[in-house]
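J.: Before we start, here is the structure in question, set down as structure tokens.
The values are calculated or read from the model by the stated rules, or taken from the named source; none is laboratory data. Bear in mind that the values here come from a model prediction, so they are computed numbers and not experimental data. Cβ sites come from the backbone with ideal geometry, for glycine too, and all protein chains shown count toward neighbours. Calculation scope for accessible area: heavy atoms of the full protein, side chains included, ligands and nucleic acids excluded. Shrake-Rupley method; radii C 1.70, N 1.55, O 1.52, S 1.80 Å.
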Amino acid sequence: IAISIGHFNHLDTMPSGMARCVNIDVLNNVIRRIGAELRSSPAIMMYYVNTVRVMHNDIADIPYSGIDLGWGWGRVVNGCANNIIAYNKIADAVNPTHDGAHIYILGPIKGTYINNNWCINSNDMRGGIYPDEGAAYLNIFQNVIQEVDNWLFARPNVNLMKINVFNNYTD
């Protein structure tokens, strides 16, 4: 993982002496060819975080997902909210792995905005934007998705709810 924020064990009760990752900006980075040895590595991973902005990053040539947000397969974690993924360019993702996307969201994350991203080329059928198990409270708008099988992979029976999707563009 090029940038990792938080930890998958940071649920409602944080370890003694630790606080949740809040108010973090991940801006203006160029990330290329990560995950050469551990191919299931996303370029940017955010676990249980609050008020993290991932913006204006240029990500390319990655074997798995470009930007991952969330964990817990539907588990509600208090204080995990208000994140923004915007104005990123993510090209050539999820190759050769599968079950990922340019932008992958797992679990409910209130007040999250995914907007104005440019996602190009995926060799996995999920591609584009992939809200997975329990994803909820998302606003997905004004993204451009090119050269993918499914620009939005929102499959049934995984408890998706309260996801607003509008004004996105795909070929």
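J.: Residues in segment 65-79 that are touching a strand residue (DSSP E or B) at 6+ places or on another chain (Cβ under 7 Å), open to solvent by 30 Å² or more (accessible area, probe 1.4 Å) and either within 24 Å of A36 (Cα to Cα) or of a type in the set (S, T, N, Q) (or both): how many?
T.: The qualifying residues number 1.
J.: Please go through (1) at pLDDT below 95; (2) crowded, with 17+ Cβ neighbours inside 10 Å; (3) under 14 Å from the mean Cα position of the chain (by Cα) for I34 and return the number of the only condition it doesn't satisfy.
T.: So the condition that I34 fails would be (3).
J.: If a residue must be of a type in the set (A, V, I, L, M, F, W, C) and not in a loop (DSSP other than H, G, I, E, B), how many such residues does segment 34-50 contain?
T.: 4
J.: Give me the pairs, please: first residue somewhere in segment 113-136 and open to solvent by 10 Å² or more (accessible area, probe 1.4 Å), second residue anywhere and outside any loop (DSSP other than H, G, I, E, B) and of a type in the set (D, E, K, R), beta-carbon distance under 6 Å, and either six or more positions apart or on two chains.
T.: Short answer, once both residue conditions are applied: W118/K89; N121/D92.
J.: Which condition does I145 not pass, out of (1) in a strand (DSSP E or B); (2) at positive phi; (3) of a type outside the set (F, W, Y); (4) buried (at least 24 other Cβ atoms within 10 Å of the Cβ), if it passes all the others?
T.: (2)
J.: Right, another one. Looking only at segment 80-112, count every residue that is surrounded by 24 or more Cβ atoms within 10 Å (Cβ to Cβ) and of a type in the set (A, V, I, L, M) and tell me the total.
T.: 8
J.: Among the numbered criteria (1) out of contact with any Leu (no Cβ under 8 Å at 6 or more places or on another chain); (2) of a type in the set (V, I, T); (3) assigned to a loop (DSSP other than H, G, I, E, B); (4) surrounded by fewer than 23 Cβ atoms within 10 Å (Cβ to Cβ), which one does I62 miss?
T.: Only one criterion is unmet by I62, namely (4).
J.: A follow-up question, please. Search segment 152-163 for residues being within 19 Å of V76 (Cα to Cα) and assigned to a strand (DSSP E or B), and hand back the single one that is least open to solvent (accessible area, probe 1.4 Å).
T.: Among them, the one singled out is I163.
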